[in-house]
Structures are given as structure tokens and as C-alpha cells.
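What follows is a single structure, written as C-alpha cells, with notes after it.
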Amino acid sequence: MRDLFDINRITGFIIGDAQAERAVPPTGFTARLTVFAAAVMAFLAVFALALSVSAGRLSERWANELAQSATVRISAPAGQMQAQTEAALAVLETTPGIASARVLSDGEQRKLLEPWFGPDMPLDALPIPQLIEIVEADVGLDAEALRLRLLGEVPGAVLDDHSRWRKPLAAAAGRLSFLGWFSIVLIFAVMGAMITLAANAALAANAKVITVMRLVGAKDSYIASAFVRRFTLRSLTGAAVGMVLGVIAVVLMPAGGGEAGFLSDLGFQGASWLWPLVIPLLAGGVAFGATQAAARRTLKELR
């Protein structure tokens, strides 16, 4: 019986009451303002949500990739470079927590330096250190113990476990994710304020109609329900349109590639594409609460 009662209430809310809705203007400034505000805010919410989801994904990717790798940099005279490289490899092969160690080729090191020196720079004339790439095992690497061992056996070797890069990058991505969620909160707060203004204007403009309805026995809850229903459905409609337009705009953005930046990777992946569907529901909830509060307050003032 309770479920049937809830279904009847939902059905009645959707269908509405023609008599009560005479107090609510079907068109006009307030109607357009509500739909427009909901559509614009939903459109912006899609991008804020995409930013938050992408930043969270980026933070996790950076943390995982940098946490599983390290680099040994060997700086030595040309005559000693080969010997120190072999000594460093011998140390790494016997160090617990290292899955593999590989000496980067001259071509790989040249590619790493191209963004700073350009492709035409004669790198052969520069004293470039030798790099050894380390892939850590699942058990993890004791970086401090390895540094001490390299210091004693290979004086020209320096270990970089990327901790100085990993933590700031992960923290920055985490702040971007937080700013995205905080922006969503602000967007819906502004939406609630706009809907409240529109509902107050509609109630004030129909004060005479509301007075007549009270004279024939209509209760304030009966009149308020008509305003709440109309503004909630308008907000749902506007937010649905804005959400669809926002998703289309995100889809049309350039896809992330191997060397693409963060902005080109902005968007949703996998199950995160379901997140935008929540935006119209949130907009409807905000409109319901804002209109309910505005209707009760304004109806008291019109007594």
C-alpha cells in the first residue's frame, strides 16, 4: 500500500492539477529564466564534472606510473663511463625490489633532450650522463639503502626515485579534482538562487490569483505544490538539454594521444560517462527544494 501511495504521489506530481496551476504562469519571463538558468548551469556542470573526473584519473595514473619507476644517472669521464655503468648494473641486479634495469640508448636519451635543445643540437659534443631505467617490483624498493650502496660502489651514480616529481604532480591533480567538485557545488548553488528569484517573481506576479484561490478554500500547501511542480519540471527539462549539449561538446573535444596534453585528455571514460546523467536529477532536486522554500516564505508574506 505504501509503494502504491508513493507511485500515486509521483504520478500526481508529474500530471499536476489544472486548477492549482492557474496560479502559475505557463510562459513568460520566469519560465524562460528557469529553463535558461538550468540549461546553462547543467552545461557548465558537465565541464566541471569532466575536469574533476579527468584530474582524478590523471592523479592516479601519474602516481602509479612514477611510483613503479626510477632512474640512475651516471656522470663520469668518457673513459670511465662504461665501467661505472656496468658496476651500477651489477648493483641493481642484486638489489631487492628491482624487477629490471635497462641502460637507455643514445637515441632514447637524445629524444629526451630534444624538447630542451631541439632536434638539430649536436648532442655528441655535450657531456651527457648515462641513464639507467629501473622498474620496481611489487614489493617496492628501499631507495635510501640503494643510494648508500651506489655512493659506496659507484661514486658517479645518482638515484632519482621521482618522489620529488610524483608528490607535487599528484597533489596538483588532486587539487584540480577538488576544484572541479567545488565548482559543481557552486553551480548548483547559483542555480538554486536563480530558481528562487524566478519563483518569488512568479508568486508576486500572481498575488491576486492566489488571493482568489484562498477565498474559495485553497490551502497554501495546495498552491505551493503547483509552483513546486512547474518549476521542478522546467528545471529538469532545461538541465537535460544543457547536459546533452555539454556531453556533445565534451565528445567533440580533441581526444588524448600519446604526446597530448592534459586538456586534450579532458573527458569521461568507461563508466564515468554515466555521471552526467545525475546532473538533471540534481537540478530537479535543487529546484524542488528552492521553490518549496520560496513558495512557503512568499505565501506567508502575501497573507
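Summary table
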{"quantity": "Verdict on residue 223 being at negative phi, in a helix (DSSP H, G or I) and surrounded by fewer than 21 Cβ atoms within 10 Å (Cβ to Cβ)", "calculated": "no"}
{"quantity": "Qualifying residues in the stretch 148-175 (those that are under 38 Å from the mean Cα position of the chain (by Cα) and closer than 23 Å to residue 76 by Cβ) - the one modelled with the lowest pLDDT", "calculated": "162"}
{"quantity": "Selected residue (criterion: modelled with the lowest pLDDT) from residues of the stretch 71-88 that are among the aliphatic types (A, V, I, L, M) and buried (at least 16 other Cβ atoms within 10 Å of the Cβ)", "calculated": "76"}
{"quantity": "All positions within the stretch 89-107 that are outside any strand (DSSP E or B) and either surrounded by 13 or more Cβ atoms within 10 Å (Cβ to Cβ) or in contact with an Asp or Glu (Cβ under 6 Å, 6 or more places away or on another chain) (or both)", "calculated": "89, 90, 91, 92, 95, 97, 104"}
{"quantity": "Tally, over the stretch 280-303, of residues that are in a helix (DSSP H, G or I), of a type in the set (A, V, I, L, M) and under 24 Å from residue 214 (Cβ atoms)", "calculated": "5"}
{"quantity": "Residue match in the stretch 73-80 (condition: in a strand (DSSP E or B), aliphatic (A, V, I, L, M), under 23 Å from residue 144 (Cβ atoms) and in contact (Cβ under 8 Å) with a residue 40 or more places away in the chain)", "calculated": "yes"}
{"quantity": "Close pairs from the stretch 142-157: first in contact (Cβ under 8 Å) with a residue 40 or more places away in the chain, partner among the small types (Gly, Ala, Ser) and not in a loop (DSSP other than H, G, I, E, B), Cβ under 7 Å, at least 6 apart", "calculated": "150/88; 150/157; 153/87; 154/87; 154/88; 157/88"}
{"quantity": "Within the stretch 198-216, tally of residues that are in a helix (DSSP H, G or I) and in contact (Cβ under 8 Å) with a residue 24 or more places away in the chain", "calculated": "13"}
{"quantity": "Unmet requirement for residue 122, which otherwise passes all of (1) over 42 Å from the mean Cα position of the chain (by Cα); (2) modelled with pLDDT of 80 or more", "calculated": "(2)"}
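The values are calculated or read from the model by the stated rules, or taken from the named source; none is laboratory data. Here the structure is a predicted model, which is why all the values come from computation and not from measurement. Counting neighbours? That spans all protein chains shown, and the Cβs are built from the backbone with ideal geometry, glycine included.
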